[in-house]
1. Using only alpha-carbon positions, what ratio does the radius of gyration of the stretch 69-124 give when scaled by 2.2 N^0.38 Å?
2. Within the stretch 107-123, whose backbone N sits under 18 Å from a point 7 Å along Cα→Cβ of Lys95?
3. Between Leu5 and Leu39, how many nm apart are label points set 7 Å from Cα along the C-beta direction?
4. Could you grab the relative contact order for the stretch 69-124? Cα pairs under 8 Å, six or more apart, rounded to a whole percent.
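Here, each number is a calculation from the coordinates, and none is a lab measurement. Small disclaimer: the values here were computed from a predicted structure and weren't measured. Cβ coordinates were reconstructed from backbone atoms using ideal geometry, including for glycine residues, and neighbour counts include every protein chain displayed.
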Amino acid sequence: MKKYLMMILLALVAMSLVALPVALAEAVDAVPVQPGIDLTPFFQSLIALLASIITVKLIPWINSRTNAQQQSKMRAAVRVAVFAAEQLYGAGNGKDKLMFVKGKLSQQGFKIDVDEIEAQVRELTAEGASVQKAVK
């Protein structure tokens with residue numbers, strides 16, 4: 001019986017050695033596959049173009065928009081502070097009103113030139129004069 005088991009075992013080993021190269025072989029097509037067009041350089045140039053457009057057009061537009069909004073907020077804050085100073089101190093007392101306006105604006109985080117404040121005062125004076133003419 002040992003002899004038969006040994007023969008069966010040798011037969012199985014022989015068959016596996018013969019079948020192993022056939023089982024591991026890959027199928028080969030008669031016509032080789034043509035590689036597709038490599039679009040990597042196209043997409044790289046497209047991304048570079050988009051990045052340059054964003055850098056040249058979009059970022060300055062955002063910056064100018066932000067600065068315009070900040071300037072309008074600053075002008076509104078100056079206007080409110082000048083009107084408040086006029087209400088608190090009345091006519092005259094220009095130096096006290098100026099110090100009040102500068103203090104209020106610095107509390108809000110604005111660094112304003114005296115010229116900007118004086119321009120707002122002139123505008124307030126001009127509006128007051130036009131209102132007085134309309135009332136008469």
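1. That ratio works out to 1.01.
2. 114-115, 118
3. Each label point is offset 7 Å from its Cα along the Cβ direction, giving 6.4 nm.
4. Relative contact order here is 41 percent.
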